[in-house]
Amino acid sequence: MQKAKAIELEIAVVDGVELNGTWNRMFEPRVISEYDLSVLEEITNIPGAESLGYCYQCGKCTAVCPVDSVGDYSPRKIFRRTQLGISLLDSPDLWLCTTCRNCLRVCPKEVNMIDIMPAVREQAVLEGKAPAELLTAFENTARYGNPIGESARKRADWTKTAGVPVPVMSQKKAPVDVLWFVECYPAYHPRGKEASAALARILAALGVDFGILGTEEKCAGDSQRMAGERGLFEMLAEHNIKMLSKYRFNEIVVTDPHAYNPFLHEYPKLGGEWPVRHYTQFLAEKLAGVNFVKGIKKRITFHDPCYLGRHNGEYEAPRSLLRALPDVELVEMGHCRETSYCCGGGGGGMWLDGFTRDYASERLSERRVKEAVEYGAEILAVSCPYEVPRFEDAVKSTGHDGQIQVMDIVELMAYCMGLNEGLAIS
Amino acid sequence: MRVAVLLKAVPDLVEELVLDEESGSLQYDEMSYVPSEWDDQALEEALILKEESGAQVTAIAVSTGDVDTMLFTALAKGADHVVKITGDFDASMSNWQQARVLSDYVREQDFDMVLSGVQAIDDVDGQIPGLVAGFLNWPHASVVTEVRMGGNSKILLRQEYSGGLVAEIEVESPVVIGVQAARKPPRYASVAKVRQVAKSVAIEEVSAGAPAGPAFADIQFVRPVAAGRAEMIEGDVDAVADRIVQILADHNLLRRA
């Protein structure tokens with residue numbers, strides 16, 4: 001990821017001249033050292049959480065933290081409170097971070113909440129300090145392979161509504177080009193299933209040779225990892241890697257940025273290394289062969305998913321799909337691309353809405369929907385399965401029902417390809 | 001104080017119950033099983049007791065299927081010891097038979113207290129604790145929501161009665177207790193901890209013969225037949241309100257000023 005600001009270096013070499021930064025550092029103990037730092041050290045001693053101690057309180061993170069805009073929370077504040085003796089392990093702050101990565105983008109000191117949060121949360125889970133609703137999601141995932149608590153046996157039931165054959169690898173018994181890793185919300189959530197059906201029809205229309213794992217698939221587990229259940233993540237990853245290893249395919253295409261991220265960065269560490277693309281990347285490359293038969297005369301804006309954009313640098317693919325749709329007017333919101341806002345679902349936030357309510361003036365998704373409305377968007381397009389339910393709820397709770405619709409990009413694309421007659425664009 | 005906690009697996013209602021419509025029998029092999037939630041409450045209360053009074057907690061399950069994960073989870077939560085009673089058993093094993101096998105084991109050990117879920121979804125009349133107490137000829141308290149150590153090695157229980165009444169009773173060991181709810185929600189055992197326990201601690205296996213005795217004869221399992229359906233009230237706010245008023249009036253539930 002491109003850093004927005006230079007990183008502080010101990011030694012820099014400029015035009016062949018070595019510049020030592022030591023002189024610019026601390027000459028003598030500053031006031032900071034007069035605190036009892038034992039609570040801070042308790043946190044920074046947790047492997048993964050060391051960088052919390054690097055904070056020098058410049059406050060850049062506070063300016064960009066989506067949670068701070070609806071509450072009183074930012075990495076700087078976390079550091080300060082911990083320094084003053086409030087343990088992060090016992091603080092509600094620990095569960096408010098959505099791991100959106102916006103703070104790390106601007107932090108000159110590389111205070112890395114993406115490492116700090118899962119590490120400290122893991123400790124809190126072990127000490128029995130995690131919110132009950134999060135533990136329910138963990139237990140569901142361990143038992144059923146999905147955080148929603150739906151039947152594991154019904155994971156492929158959505159395919160019945162696709163209208164095209166969706167081959168399941170265990171029955172197909174032949175190699176495929178594309179292994180489509182569907183994930184939980186696209187397999188179980190009513191709106192997720194509609195998007196999955198649309199994607200299945202697009203793949204069929206494009207003649208893609210694909211298959212899914214069906215009931216052999218379990219949650220990719222990345223959000224559970226970020227929420228502090230690394231053991232659960234490893235169990236799920238081992239299972240998925242074992243299942244995927246049974247079959248032959250050329251690449252994995254994922255519906256969910258929260259699956260894209262671990263397939264890129266975490267599964268290879270556990271022995272599961274395959275080429276992986278998000279569906280927007282896969283489809284963007286196939287655009288030349290797409291036959292659009294109708295347009296959408298609407299003003300559309302796009303919400304960058306944190307785990308596709310900031311985490312993994314993909315901003316263009318979803319936009320190229322939206323720009324290709326006939327008649328569409330694509331508008332950007334103020335918070336877009338690298339500076340995109342967060343839907344609030346990442347890092348376990350998807351399962352903490354009840355908890356978060358007490359510490360936020362509104363949901364992040366509500367804030368985002370208001371921004372989309374402000375920019376005159378009639379459709380808020382998304383490409384992460386957490387977002388359709390989150391934003392649709394937010395549209396209703398902010399009183400914008402009937403004013404703006406929330407659609408997955410595949411739903412819009414299938415509509416323009418004449419493959420989604422059921423989609424009611426009002 | 002040595003405490004035994006009886007755990008069992010029950011059919012998972014998130015998955016469908018598999019019923020052979022023709023023979024009217026449940027297909028036990030084809031169903032999924034989960035730990036009974038009342039047993040989870042019993043385990044939690046035992047672990048609280050351990051934290052308060054240093055009790056030694058042993059979790060026991062009859063091997064009617066895969067009960068290992070349930071027992072490893074109990075260890076990860078803080079149980080000191082786990083026992084699996086093996087034999088020619090399967091998921092169709094009746095509660096009477098399970099209670100017989102469990103009580104045979106408990107009798108041979110030196111337990112002061114047996115905790116079990118007061119009931120289970122396959123046993124809504126609360127068979128296990130009552131039967132175990134009967135077989136052991138021990139006193140039994142049911143619908144208990146708190147277990148504490150009192151003075152003079154007495155055990156203090158809170159018991160729920162109807163109408164919101166709560167009784168505090170004092171019992172002597174040994175005793176069998178059917179737990180309705182623990183004082184706190186059951187704790188969470190992280191997957192890493194369960195897996196670590198599974199690698200490092202062994203389950204004690206004790207074999208048992210098939211218990212002789214009376215058994216239920218299942219006549220027939222049938223799916224419930226819908227007697228009526230809910231009415232979905234359609235229309236705008238006024239139409240919906242009118243319809244609700246009409247329904248209330250039809251049932252004579254409106255009081256007019």
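Assorted remarks:
- Selection status of A:Tyr386, farther than 15 Å from A:Lys193 by Cα and surrounded by 19 or more Cβ atoms within 10 Å (Cβ to Cβ): no
- Count - residues of region A:115-133 that are more than 9 Å from every other protein chain (Cβ to nearest Cβ) and either in a loop (DSSP other than H, G, I, E, B) or aliphatic (A, V, I, L, M) (or both): 8
- Residue, nearest to the other protein chains (Cβ to nearest Cβ), within region B:51-68, restricted to residues that are under 20 Å from the mean Cα position of the chain (by Cα) and not β-branched (Val, Ile, Thr): B:Asp66
- Where A:Trp95 falls short, out of the listed (1) in contact with a strand residue (DSSP E or B) (Cβ under 9 Å, 6 or more places away or on another chain); (2) buried (at least 20 other Cβ atoms within 10 Å of the Cβ): (1)
- Condition met for B:Lys77 (farther than 19 Å from B:Pro129 by Cα and away from chain A (no Cβ under 14 Å)): no
- Scanning region A:67-98 for residues that are part of a helix (DSSP H, G or I) and of a type in the set (Ser, Thr, Tyr) gives a single hit, A:Thr82.
- Subset of region A:247-275 [in contact with a Leu (Cβ under 6 Å, 6 or more places away or on another chain) and β-branched (Val, Ile, Thr)]: A:Ile252
- If the condition is being charged (D, E, K, R), in contact with a helix residue (DSSP H, G or I) (Cβ under 8 Å, 6 or more places away or on another chain) and either modelled with pLDDT under 95 or surrounded by fewer than 21 Cβ atoms within 10 Å (Cβ to Cβ) (or both), then region A:389-420 contributes A:Glu392, A:Asp393, A:Asp401.
- When the criteria are applied in full, A:Phe302 meets the requirement of being of a type in the set (Phe, Trp, Tyr) and in contact with a strand residue (DSSP E or B) (Cβ under 7 Å, 6 or more places away or on another chain).
- Pairs where the first residue, in region B:169-187, is in contact (Cβ under 8 Å) with a residue 60 or more places away in the chain and part of a strand (DSSP E or B) and the second is among the aromatic types (Phe, Trp, Tyr) and surrounded by 16 or more Cβ atoms within 10 Å (Cβ to Cβ), C-beta under 7 Å, 6+ apart: B:Val175/B:Trp138; B:Val176/B:Trp138; B:Val179/B:Trp38
- Residue within region B:186-200 that is farther than 21 Å from B:Pro129 by Cβ, of a type in the set (Ser, Thr, Tyr) and out of contact with any Asp or Glu (no Cβ under 8 Å at 6 or more places or on another chain) present: yes
- Flag if B:Ala192 is surrounded by 18 or more Cβ atoms within 10 Å (Cβ to Cβ), within 14 Å of chain A (Cβ to nearest Cβ) and within 19 Å of the chain's Cα centre (by Cα): no
- For the residues A:Arg105, A:Arg121, A:Arg101, A:Arg155, the requirement of being at pLDDT 95 or above and on the phi > 0 side of the Ramachandran plot singles out A:Arg101.
Residues are listed down the side, and each one gets a yes or a no for (1) surrounded by 15 or more Cβ atoms within 10 Å (Cβ to Cβ); (2) touching a helix residue (DSSP H, G or I) at 6+ places or on another chain (Cβ under 8 Å):
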| site | (1), (2) |
| --- | --- |
| B:Val147 | yes, yes |
| B:Ile155 | yes, no |
| B:Gly163 | no, no |
| B:Ala167 | no, no |
| B:Ile177 | yes, yes |
| B:Ala182 | yes, yes |
| B:Ser200 | no, no |
| B:Ile203 | yes, yes |
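- Residues of region A:134-160 satisfying the condition of being within 12 Å of chain B (Cβ to nearest Cβ) and either among the polar types (S, T, N, Q) or not in a helix (DSSP H, G or I) (or both): A:Thr136, A:Asn140, A:Thr141, A:Gly145, A:Asn146, A:Ile148, A:Gly149, A:Glu150, A:Ser151, A:Arg155
- When residues of region A:299-319 are limited to those that are touching a residue at least 40 places away in the same chain (Cβ under 8 Å) and surrounded by fewer than 21 Cβ atoms within 10 Å (Cβ to Cβ), the one farthest from A:Arg105 (Cα to Cα): A:Arg299
- Residue match in region A:120-135 (condition: within 29 Å of A:Leu203 (Cβ to Cβ) and among the β-branched types (Val, Ile, Thr)): no
- Where a residue in region B:197-212 is in contact (Cβ under 8 Å) with a residue 12 or more places away in the chain and its partner, wherever it lies, is part of a strand (DSSP E or B) and of a type outside the set (A, V, I, L, M), with Cβ under 6 Å and at least six apart: B:Ile203/B:Lys84; B:Glu205/B:Lys84; B:Glu205/B:Thr86; B:Ser207/B:Thr86
- Matching residues, region A:173-232, being over 30 Å from B:Gln196 (Cβ atoms) and within 14 Å of another protein chain (Cβ to nearest Cβ): A:Tyr188
- Region A:231-256 - residue that is touching a residue at least 60 places away in the same chain (Cβ under 8 Å) and of a type in the set (D, E, K, R) and, of those, farthest from A:Pro47 (Cα to Cα): A:Arg248
- Looking across region A:239-257 at every residue that is of a type in the set (D, E, K, R) and either in contact with a His (Cβ under 8 Å, 6 or more places away or on another chain) or closer than 25 Å to A:Gly192 by Cα (or both), the one that is farthest from the other protein chains (Cβ to nearest Cβ) is identified as A:Glu251.
- The set of residues from region A:39-54 being outside any helix (DSSP H, G or I) and buried (at least 22 other Cβ atoms within 10 Å of the Cβ) comprises just one member, A:Ala49.
- All of (1) more than 21 Å from the chain's Cα centre (by Cα); (2) closer than 30 Å to B:Thr69 by Cα hold for A:Arg76 with one exception: (2).
- Qualifying residue in region B:30-45 (condition: over 25 Å from A:Glu127 (Cα atoms), away from chain A (no Cβ under 13 Å) and buried (at least 16 other Cβ atoms within 10 Å of the Cβ)): no
- At least 3 residues being among the charged types (D, E, K, R) and touching a residue at least 60 places away in the same chain (Cβ under 8 Å) is the threshold, and among the helices (runs of 4 or more DSSP H) wholly inside region A:183-230 those reaching it are A:190-205.
- Taking (1) surrounded by fewer than 24 Cβ atoms within 10 Å (Cβ to Cβ); (2) within 14 Å of another protein chain (Cβ to nearest Cβ); (3) in contact (Cβ under 8 Å) with a residue 60 or more places away in the chain in turn, A:Glu110 satisfies each apart from (2).
The values are calculated or read from the model by the stated rules, or taken from the named source; none is laboratory data. No experiment lies behind these values; they were computed from the predicted model shown. Neighbour counts run over all protein chains shown; Cβ positions are idealised from the backbone, glycine included.
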